[in-house]
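Heads up, the thing below is written out as structure tokens.
The values are calculated or read from the model by the stated rules, or taken from the named source; none is laboratory data. Predicted model, so just to flag it, every value in this text is computed and none were measured. All Cβ positions, glycine included, derive from the backbone under ideal geometry; neighbour counts span all protein chains shown. We work out accessible area using only protein heavy atoms, side chains counted, and drop any ligands, DNA or RNA first. Shrake-Rupley method; radii C 1.70, N 1.55, O 1.52, S 1.80 Å.
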Amino acid sequence: MASDRSNASPEVHGQRLGRTRDRRGRGPRGVIALPGPLSPAGLPIDQSRRAAFDLLVSQVLTKLDSHFEREAEHVQIVVEEAPKLPDRWTDPVPLSIVNPTRGGHQIVLYRLPLLGRAEDAEQVAELVWTVLLTRLGEVWNHDPEDLDPR
């Protein structure tokens, strides 16, 4: 007897079957640890490290919106992985740079050097705040402490 599967839903609903495990100390395995149709979309595991960093930068910029509206100098914020340095580079790797553009300035934040200088997420957030405020103060000729809304 043949069955008609045209009305069958491809998604599984209900309680997750199976168990999660931490085999050999490598972290949880199983349906809850992996993104997929059974994982809730809001799990932080769905977010890549780059997306999490971009979200942090956008949250900082949202809190600085009032300064962007008041200042006449146009500033564009860009996030890149790491700077391209010459082979013989001996100085510390820069965390950010300011590039002049036709309409204003471009501030480039380097994600990997920023993450490398911090030990945890709180230090990363503080370092992003510090670097952005310093660079914006440099572009707008303000003291970074005057720009800080915190």
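In whole angstrom, how far apart do the alpha carbon centroids of the stretch 70-109 and the stretch 114-143 sit?
Cα centres, the stretch 70-109 to the stretch 114-143: 13 Å.
Counting only heavy atoms of protein chains, what accessible area per residue, in Å², does the stretch 48-150 have with a probe of 1.4 Å?
Details: 6640 Å² over 103 residues.
Averaged over the residues of the stretch 48-150, the accessible area is 64 Å².
Rank by packing, highest mean first: peptides 106-117, 60-71, with packing defined as the count of other Cβ atoms within 10 Å averaged across residues.
Details: 106-117: 17.8, 60-71: 13.2.
Highest-to-lowest ranking by the protection proxy: 106-117, 60-71.
With each pseudo-label sitting 7 Å past Cα toward Cβ, what's the Ala82-His142 distance in nm, one decimal?
3.4 nm
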